[in-house]
Amino acid sequence: MGQAISQLGTQMRIAGIGWQIYLLTHDPLQLGAIGLCRVIPLVAFSLIGGSTADVGDRRKVLLVAESILMFFSAALAVVTLTGAVNVWWIYAITILSSATNAFERPSFSALVPALVPRDQLSSAISLNTLNFQVATVIGPGLGGIIIALVGVQGVYWIDAASYVAVILSLVFIHYRPVNRPTTKVSLAAAIEGLQFVWGNKILISTMLLDFIATFFASSRTLLPIFATDVLHSGEIGFGLLSAADSVGAVITSLVMAWLNPSRFKHPGVVLLVAVFFFSLFTILFGFSTVLPLSLFCLFMTGACDTVSVVLRQTVSQLVTPDELRGRMQSVNMIFFAGGPQLGELEAGIVARLGGAGFSVVTGGIACALVVVAIATLSPTLRKYHFEKE
């Protein structure tokens, strides 16, 4: 519950940052550059963050990280309220927040298996995805309304306050501690995590699929352009567009939790099909000029992406020993976050050259071609099945 409340504020802040940058610059490239500000610190610090999660108390790491993130959100609210804000303030605070996330995310993901039995892990991951997506559905819509009523600083203050909920939940949570081999935060420990991921064919193939697909088919950063210039739907339309894919994700998360994906006979095939349809609906969204069709396309991309996320996270947790989970998650974070964040920059560059619609359509086509290539070249992924303990 604490994480859901915090995610609600986070999604409002992300939507607010995109809207504010576009209002300040009216430049697709500077809008896309926010993705670069997010991904560079993640790549730079993720392996250190993963090693920290495997060495230290994961709950304490989370408490420190969440407190720092709360401070950065409050700082963004202050500079906006005082009128001192410019695009460089937003970039700087985003970079610092992303560096903190490089420590927060591996610890959070690595903590999950200590909270539930192994045979319930896939359902727990589905529910955790649901937890995130419910906040994502509500957050952008509320963000659009709050921006229209009180200005973008309102969403930043709410985000700062939302961290109190997750901090309190971490203080009172009970979990099963796991004895891990004693090690130190070091280059050797980080390399050990990289070697584990690189040596596991199913892990590296799913991570590459996620990275390449989301790099080409990242359209979220262009939503302010679609809302204002293509669909002419304003702040409310922007909020609806921002939430549409998450509505699909929420419904799909409920279905996945009920089905228990660990029962799937051919999870690799399901994963490939889901990403392929994700690319098809991305293409259709790029062609759309009416709000209802655009919302439907984003709804379906959210549904397809959730199938992919749940299957990939279940696989990664099941095949990784606990003493390596933090480092594995840090590598996974580079792929998971790096694809869409670098994709935002790519989308901004192509949008400046050929327009937002052209950027999304060509990205969707490239995504579909990548899926076909991986399906052809990776029989290990096609034939993969969950092993029984």
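The values are calculated or read from the model by the stated rules, or taken from the named source; none is laboratory data. Everything numeric in this text was worked out from a predicted model, so none of it was measured. FYI the Cβ positions are ideal-geometry reconstructions off the backbone, even for glycines, and counts take in every protein chain you see.
To keep it simple, each residue is scored yes or no on (1) aliphatic (A, V, I, L, M); (2) under 21 Å from the mean Cα position of the chain (by Cα).
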| site | (1), (2) |
| --- | --- |
| Phe45 | no, yes |
| Asn86 | no, no |
| Ala92 | yes, yes |
| Phe108 | no, yes |
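Yes or no: Thr320 touching a residue at least 24 places away in the same chain (Cβ under 8 Å), in contact with a helix residue (DSSP H, G or I) (Cβ under 9 Å, 6 or more places away or on another chain), closer than 23 Å to Ile202 by Cα and not in a helix (DSSP H, G or I)? So Thr320 passes the test.
Could you grab the pairs with beta carbons closer than 8 Å, sequence gap of 6+ or different chains, first residue in segment 149-173 and more than 15 Å from Phe108 (Cα to Cα), second one among the basic types (Lys, Arg)? Matching pairs, first to second residue: Val155/Arg13; Tyr156/Arg13; Asp159/Arg13.
The listed residues are Phe296, Phe287, and the only one of them that is more than 30 Å from Val55 (Cα to Cα), surrounded by fewer than 19 Cβ atoms within 10 Å (Cβ to Cβ) and without any contact (Cβ under 8 Å) to a residue 60 or more places away in the chain turns out to be Phe296. Tally the residues that are in contact with a Ser or Thr (Cβ under 6 Å, 6 or more places away or on another chain) and closer than 12 Å to Ser330 by Cβ, restricting the search to segment 45-60. Final tally of qualifying residues: 5.
For the subset of segment 175-225 comprising residues that are closer than 30 Å to Gly143 by Cα, polar (S, T, N, Q) and outside any helix (DSSP H, G or I), which member is modelled with the lowest pLDDT? The residue in question is Ser218.
Among the residues of segment 63-92, those that are surrounded by fewer than 20 Cβ atoms within 10 Å (Cβ to Cβ) and within 17 Å of Ile40 (Cα to Cα) comprise Trp88, Trp89, Tyr91, Ala92. Scan segment 258-301 for residues that are within 27 Å of Ser242 (Cβ to Cβ) and outside any helix (DSSP H, G or I) and the total you get is 3.
Checking the condition closer than 26 Å to Asp27 by Cβ and surrounded by 24 or more Cβ atoms within 10 Å (Cβ to Cβ), which residue from Gly354, Gly348, Gly338 passes?
Of the residues listed, the single one that is closer than 26 Å to Asp27 by Cβ and surrounded by 24 or more Cβ atoms within 10 Å (Cβ to Cβ) is Gly348.
Of all the numbered requirements in (1) surrounded by fewer than 21 Cβ atoms within 10 Å (Cβ to Cβ); (2) hydroxyl-bearing (Ser, Thr, Tyr); (3) modelled with pLDDT under 85, Thr228 misses one, and that requirement is (3).
Listed here are the residues, each with its yes/no results for (1) in a helix (DSSP H, G or I); (2) at pLDDT 85 or above; (3) closer than 15 Å to Leu209 by Cβ; (4) over 17 Å from the mean Cα position of the chain (by Cα).
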position	(1), (2), (3), (4)
Asp305	yes, yes, yes, no
Val315	yes, no, yes, yes
Val331	yes, no, yes, no
Phe336	yes, no, yes, no
Ala351	yes, yes, no, yes
Gly363	yes, yes, no, yes
Leu369	yes, yes, yes, yes
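Just one of the listed residues (Thr228, Thr252) is among the β-branched types (Val, Ile, Thr) and over 20 Å from the mean Cα position of the chain (by Cα), and it is Thr228. Taken over segment 231-241, the residue count meeting the criterion of being in contact with a Ser or Thr (Cβ under 8 Å, 6 or more places away or on another chain) and either among the aromatic types (Phe, Trp, Tyr) or closer than 15 Å to Gly18 by Cβ (or both) is 4. Scan segment 28-43 and give yes if some residue there is of a type in the set (D, E, K, R) and assigned to a helix (DSSP H, G or I), otherwise no. Yes, segment 28-43 has at least one match.
Answer yes or no: is there a residue in segment 87-98 that is touching a helix residue (DSSP H, G or I) at 6+ places or on another chain (Cβ under 8 Å), over 18 Å from Leu345 (Cβ atoms) and of a type in the set (S, T, N, Q). Scanning segment 87-98, I find no residue that is touching a helix residue (DSSP H, G or I) at 6+ places or on another chain (Cβ under 8 Å), over 18 Å from Leu345 (Cβ atoms) and of a type in the set (S, T, N, Q), so the answer is no.
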